[in-house]
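Reading through the structure tokens given below for one structure.
The values are calculated or read from the model by the stated rules, or taken from the named source; none is laboratory data. All of these numbers come straight from a predicted model, not from anything done at the bench. Cβ placement follows ideal geometry from the backbone for every residue including glycine, while neighbour counts extend to all protein chains displayed. SASA here: full protein model, heavy atoms, side chains in, ligands and nucleic acids out. Shrake-Rupley method; radii C 1.70, N 1.55, O 1.52, S 1.80 Å.
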Amino acid sequence: MLRVENLSVSYGAIRALHDVSFEVPQGHIVTLIGSNGAGKSTTLRTISGLIKSTGGQISYDGAAIKGLPAHEIVSRGLCHVPEGRMVFANLTVRENLMMGAYLQRDAALINKERDYVFSVFPRLSEREKQLAGTLSGGEQQMLAIGRALMGRPRFLMLDEPSLGIAPLLVKAIFQQIVEINRERGITILLVEQNANLALEIATFGYVLETGRVILQDQAAALRSDPKVRSAYLGG
Amino acid sequence: MSELLQQLINGLALGAIYALIALGYTMVYGVLRFINFAHSDVFMIGAFAGYFLARVVPGGSIGAGIVILIGAMAVCALLGVVIEKLAYRPLRGRSTLTVLITAIGVSLLLQNVGQRIFGANPRSFPSIFPVHQFHFGGIVLSSTQILVFVVTLVLLFLLRYIVLHTRIGTAMRALSFNPTAASLVGINNDRVISFTFALGSALAAAGGILYASNYPSIDPLMGTLPGMKAFVAAVLGGIGNIAGAAVGGLVLGMVETTVVGFGGSTYRDAVAFAVLILILLLRPEGLLGKRTAEKV
Ligand SMILES: Nc1ncnc2c1ncn2[C@@H]1O[C@H](COP(=O)(O)OP(=O)(O)OP(=O)(O)O)[C@@H](O)[C@H]1O
Ligand SMILES: [Mg+2]
């Protein structure tokens with residue numbers, strides 16, 4: 001469904017990605033793991049059109065999407081939940097969700113989608129009128145995912161949904177990610193530093209190090225790979 | 001007592017016009033984080049658009065006045081969109097300073113082109129709405145003042161509705177908070193920015209017509225002083241804060257007429273800037289601004 005080939009990205013003189021290639025088949029959860037500064041967020045931001053690449057191809061649903069503006073890429077059903085969540089702190093939870101449905105025109109469908117989001121994250125429905133900036137970190141993450149779901153995506157890219165959230169809540173959020181993937185058939189590209197969790201729910205994984213893919217395998221195989229274990233899974 | 005009330009009315013009428021202009025500064029600042037110095041000249045063009053429209057649609061009745069007002073607002077909305085597209089959009093992502101200097105350039109361009117086309121001499125502005133004076137005890141209320149209040153109130157409510165309750169208005173607020181996140185939900189930021197310029201410029205046009213109706217004389221440099229004061233009003237209310245701009249305009253108008261009332265007409269223009277310096281010293285975030293660090 002998504003195919004990235006030889007993607008290269010530079011920030012000025014700093015080369016952040018070198019010939020990164022990977023693939024996400026339809027219906028799967030694929031994870032991109034790696035330590036700080038490996039280039040995970042850069043990869044997602046390039047796919048979603050936030051930054052320009054210096055080389056390579058990105059094809060989504062059989063069409064080349066490299067160079068399209070971000071809002072155009074969203075309109076094709078490829079939605080990016082960015083690192084740090086980026087909820088609209090000055091808007092209410094409800095307004096945030098409405099903005100998630102910015103490209104949706106059918107009011108009935110929007111309401112249905114909101115009901116679905118509330119069923120996935122009941123906490124959001126309790127806080128519908130609250131300003132998003134006053135939510136806890138975990139609630140903001142739920143809102144960020146909920147907002148993305150409002151756009152009825154077919155492909156979801158999640159950047160470190162576990163960042164700064166208590167372990168118990170992280171478990172719950174990951175469970176919901178799996179549900180979204182199963183129930184909705186939404187394909188997921190998951191970026192994580194928490195490699196353990198990510199490899200648990202993914203079918204396939206890529207390991208990124210200083211802007212290069214250094215390993216790729218079935219998630220289960222990566223989990224038992226000694227190199228991965230010592231570098232990313234804490235021994 | 002009645003003198004005080006008279007001051008209050010005059011102050012509010014002046015302040016309402018500042019408020020209308022200030023809204024444009026603050027909304028553009030909200031989405032692009034720069035001061036559109038050409039805004040005061042859009043205000044001027046609004047007055048001239050009213051002047052020329054009044055030749056086609058003879059004013060003097062409420063209906064004709066409304067047609068002229070809306071016509072001038074439409075002209076300026078378009079002008080605002082064109083200015084943004086030609087002058088500011090190509091500089092997206094550049095430093096704020098670059099855009100600020102460009103804005104000053106656009107401002108001078110509008111003034112010079114205005115002088116070239118309209119001539120530098122002041123023209124007297126026709127009465128596009130019916131003119132009448134109402135006396136209540138010792139208080140005089142002119143129909144122009146009533147016009148200023150009614151038009152300002154209607155526009156403020158309309159704006160409030162758009163910003164708080166429509167899809168594009170919510171997108172404006174979203175974009176103002178985080179343009180990256182806005183584009184990730186599918187908002188076409190350029191389109192929302194265009195809309196913001198259209199809205200702000202239309203309000204400036206309304207301000208221009210009301211201002212011209214009050215001081216019935218217009219010229220291509222007429223925007224400078226009210227523009228500066230409206231900018232002060234926007235800062236006074238907390239730049240980027242829409243309610244703040246409205247409050248800031250009213251406060252500034254009242255301060256100014258009070259100074260005049262105490263016999264300080266010579267200093268009326270200096271007062272605005274004294275107020276600006278005071279706010280910057282005492283409450284840099286403005287009356288309604290939030291006390292937060294500039295977001296990145
Ligand atoms: N805006 C930027 N300007 C310059 N360099 C940048 C910028 N953003 C990222 N980089 C650099 O690019 C490299 C990759 O960064 P990226 O954010 O993609 O890493 P990451 O894998 O997401 O790390 P983390 O797990 O900490 O989020 C880093 O060396 C980083 O310093
Ligand atoms: Mg990152």
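For region A:140-160, indicate whether the set of residues that are within 14 Å of ligand 2 (Cβ to nearest atom) and away from chain B (no Cβ under 14 Å) is non-empty. Yes, region A:140-160 contains at least one residue that is within 14 Å of ligand 2 (Cβ to nearest atom) and away from chain B (no Cβ under 14 Å). Return yes or no: is A:ALA70 surrounded by fewer than 17 Cβ atoms within 10 Å (Cβ to Cβ) and either within 16 Å of ligand 1 (Cβ to nearest atom) or within 27 Å of B:LEU164 (Cα to Cα) (or both)? For A:ALA70, the condition - surrounded by fewer than 17 Cβ atoms within 10 Å (Cβ to Cβ) and either within 16 Å of ligand 1 (Cβ to nearest atom) or within 27 Å of B:LEU164 (Cα to Cα) (or both) - is not met. Do we have B:PHE118 as surrounded by 15 or more Cβ atoms within 10 Å (Cβ to Cβ), more than 14 Å from chain A (Cβ to nearest Cβ) and touching a residue at least 40 places away in the same chain (Cβ under 8 Å) here? Judged against the criteria, B:PHE118 is a match.
Yes or no: region A:13-23 includes at least one residue that is free of Cβ contacts under 8 Å to residues at least 24 places away in the same chain, away from every other protein chain (no Cβ under 14 Å), open to solvent by 20 Å² or more (accessible area, probe 1.4 Å) and near ligand 1 (Cβ under 10 Å from one of its atoms). Looking through region A:13-23, at least one residue is free of Cβ contacts under 8 Å to residues at least 24 places away in the same chain, away from every other protein chain (no Cβ under 14 Å), open to solvent by 20 Å² or more (accessible area, probe 1.4 Å) and near ligand 1 (Cβ under 10 Å from one of its atoms).
Out of all the residues in region A:44-62, which are among the hydroxyl-bearing types (Ser, Thr, Tyr), away from ligand 2 (no atom under 16 Å from the Cβ) and part of a loop (DSSP other than H, G, I, E, B)? If the condition is that a residue be among the hydroxyl-bearing types (Ser, Thr, Tyr), away from ligand 2 (no atom under 16 Å from the Cβ) and part of a loop (DSSP other than H, G, I, E, B), then A:SER53, A:THR54 are the ones that fit.
Could you list, in sequence order, all residues of region A:47-88 that are more than 26 Å from A:GLY27 (Cβ to Cβ), among the hydrophobic types (A, V, I, L, M, F, W, C) and either more than 7 Å from chain B (Cβ to nearest Cβ) or touching a Lys or Arg at 6+ places or on another chain (Cβ under 9 Å) (or both)? Break it down stepwise before answering.
Let us first name the residues in region A:47-88 that are more than 26 Å from A:GLY27 (Cβ to Cβ), namely A:51-55, A:67, A:69, A:84, A:86-88.
In the following step, the residues that additionally are among the hydrophobic types (A, V, I, L, M, F, W, C) were identified as A:51, A:86-88.
Passing the criteria: A:ILE51, A:VAL87, A:PHE88.
Return the residue satisfying two criteria in turn: it lies in region A:142-197 and is among the charged types (D, E, K, R) and at positive phi, and of such residues it is nearest to ligand 1 (Cβ to nearest atom). Lay out the reasoning, then the answer.
To start, the set of residues in region A:142-197 that are among the charged types (D, E, K, R) comprises A:147, A:152, A:154, A:159-160, A:171, A:179, A:182-184, A:192.
Now restrict to residues that are at positive phi: A:152, A:160.
Values: A:ARG152: 27, A:GLU160: 6 Å.
Filtering region A:142-197 for residues that are among the charged types (D, E, K, R) and at positive phi, the one nearest to ligand 1 (Cβ to nearest atom) comes out as A:GLU160.
Annotation: A:ALA132 fulfils all but one of (1) closer than 29 Å to A:ALA16 by Cα; (2) buried (at least 22 other Cβ atoms within 10 Å of the Cβ); (3) more than 16 Å from ligand 2 (Cβ to nearest atom); (4) of a type in the set (A, V, I, L, M, F, W, C); the unmet one is (1). Is there any pair linking a residue in region A:92-105 that is at the interface with chain B (Cβ under 8 Å from one of its Cβ atoms) to one that is among the hydroxyl-bearing types (Ser, Thr, Tyr), with Cβ under 7 Å and at least six apart or on different chains, and which? If the second residue must be among the hydroxyl-bearing types (Ser, Thr, Tyr), the pairs left are A:GLU95/B:THR170; A:MET98/B:THR170; A:MET99/B:THR170; A:LEU103/A:SER75.
Restricting region B:136-155 to residues that are of a type outside the set (Ser, Thr, Tyr) and touching a Leu at 6+ places or on another chain (Cβ under 8 Å), the residue that is surrounded by the fewest Cβ atoms within 10 Å (Cβ to Cβ) is B:ILE139.
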